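Participant: I have a structure I would like to understand better, so I am pasting it below and will then ask my questions one at a time.
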Amino acid sequence: MQKGPAFPHPMDVSIDGSTGEVQVRSTENGKDKVQTKHLDLPPDLANGLILTILKNIRPDTPETKLSYLVAAPKPRLVKLTITPHGEDTLTTAGSPHRATHYVVKVQLGGVAGVVAPLIGKQPQDTHVWILGGKAPAFVKMEGPLYQGAPIWRIELTSPVWQQSQHSGNLSLPHAAPGLMSGAAVLRP
């Protein structure tokens with residue numbers, strides 16, 4: 001579901017994996033619109049599971065490819081390529097930790113995959129940091145929340161990050177000090 005002030009085009013996409021039915025509810029010119037489409041969905045469809053999958057990828061896995069259904073008025077299947085991009089150090093409550101930095105790239109495929117970079121329509125990469133160990137955990141994400149969106153940072157407020165060559169968009173502001181541990185901050 002994409003709804004709220006951060007999303008200029010409210011949309012709700014539901015996927016029935018067993019039948020391949022995809023339903024898109026959107027608002028266009030103030031009117032509700034519902035479209036239903038049948039797609040041959042691949043068995044590796046990862047919608048709704050990206051963070052769970054990232055937490056279960058071994059950091060030494062060179063590349064992971066998954067299928068993903070892009071939420072749009074005309075939904076389309078794309079491939080996501082996930083690669084580790086090193087580790088970054090953070091501290092929580094004075095204790096140092098290492099988080100694996102993953103880069104998630106969208107591969108459009110077909111003619112669109114060739115043309116999109118030429119006309120500035122290639123989706124931007126998303127960067128995600130996962131704390132390893134026995135109970136891997138999400139720590140931070142930097143990337144667009146929908147096609148054409150600005151880069152957003154979603155992160156826990158308690159970690160303090162050290163700058164490194166692996167860090168993503170370092171020009172974004174970090175969490176304000178004094179916020180509760182475990183809370184998340186959304187920043188465009």
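Participant: When you check THR27 against the structure, is it closer than 30 Å to GLN162 by Cβ, among the hydroxyl-bearing types (Ser, Thr, Tyr) and surrounded by fewer than 15 Cβ atoms within 10 Å (Cβ to Cβ), yes or no? Break it down into steps so the answer makes sense when it comes.
Facilitator: Working: closer than 30 Å to GLN162 by Cβ: no; among the hydroxyl-bearing types (Ser, Thr, Tyr): yes; surrounded by fewer than 15 Cβ atoms within 10 Å (Cβ to Cβ): yes.
When the stated conditions are applied, THR27 does not pass them.
Participant: Right, here's the next one. Can you name the residue in the stretch 127-148 that is assigned to a loop (DSSP other than H, G, I, E, B) and modelled with pLDDT of 80 or more and, of all such residues, is nearest to LEU90 (Cα to Cα)?
Facilitator: Of all residues in the stretch 127-148, those assigned to a loop (DSSP other than H, G, I, E, B) come to 132-136, 144-148.
Next, only the ones that are modelled with pLDDT of 80 or more stay: 132-136, 144-145.
Values: GLY132: 12, GLY133: 14, LYS134: 18, ALA135: 17, PRO136: 15, PRO144: 23, LEU145: 24 Å.
So, considering only residues that are assigned to a loop (DSSP other than H, G, I, E, B) and modelled with pLDDT of 80 or more, the one nearest to LEU90 (Cα to Cα) is GLY132.
Participant: Output the residues belonging to the stretch 154-170 that are of a type in the set (A, V, I, L, M) and at pLDDT 80 or above.
Facilitator: Here is the first cut: in the stretch 154-170, the ones of a type in the set (A, V, I, L, M) are 154, 156, 160, 170.
Passing the criteria: ILE154, LEU156, VAL160.
Participant: Also, I was wondering about something else. Among the candidates THR36, THR89, single out the residue that is in a strand (DSSP E or B), over 23 Å from PRO144 (Cα atoms), of a type in the set (Val, Ile, Thr) and in contact (Cβ under 8 Å) with a residue 40 or more places away in the chain.
Facilitator: Working: THR36 fails: in contact (Cβ under 8 Å) with a residue 40 or more places away in the chain.
Testing whether each residue is in a strand (DSSP E or B), over 23 Å from PRO144 (Cα atoms), of a type in the set (Val, Ile, Thr) and in contact (Cβ under 8 Å) with a residue 40 or more places away in the chain leaves just THR89.
Participant: Quick test of your reading of the structure: LYS105 fulfils all but one of (1) closer than 30 Å to THR36 by Cβ; (2) free of Cβ contacts under 8 Å to residues at least 12 places away in the same chain; (3) in contact with a strand residue (DSSP E or B) (Cβ under 8 Å, 6 or more places away or on another chain). Name the failing condition by number.
Facilitator: Of (1) closer than 30 Å to THR36 by Cβ; (2) free of Cβ contacts under 8 Å to residues at least 12 places away in the same chain; (3) in contact with a strand residue (DSSP E or B) (Cβ under 8 Å, 6 or more places away or on another chain), only one is false for LYS105: (2).
Participant: Out of all the residues in the stretch 77-98, which are out of contact with any helix residue (DSSP H, G or I) (no Cβ under 8 Å at 6 or more places or on another chain), closer than 30 Å to HIS9 by Cβ and of a type outside the set (Val, Ile, Thr)?
Facilitator: Within the stretch 77-98, LEU77, LYS79 meet the criteria.
Participant: If you take the residues of the stretch 49-77 that are in contact (Cβ under 8 Å) with a residue 60 or more places away in the chain and within 22 Å of LYS37 (Cα to Cα), which of them is farthest from the chain's Cα centre (by Cα)?
Facilitator: For the stretch 49-77, the residue satisfying everything is PRO73.
The values are calculated or read from the model by the stated rules, or taken from the named source; none is laboratory data. Note that this is a predicted model, so its numbers are computed, not measured. Cβ coordinates were reconstructed from backbone atoms using ideal geometry, including for glycine residues, and neighbour counts include every protein chain displayed.
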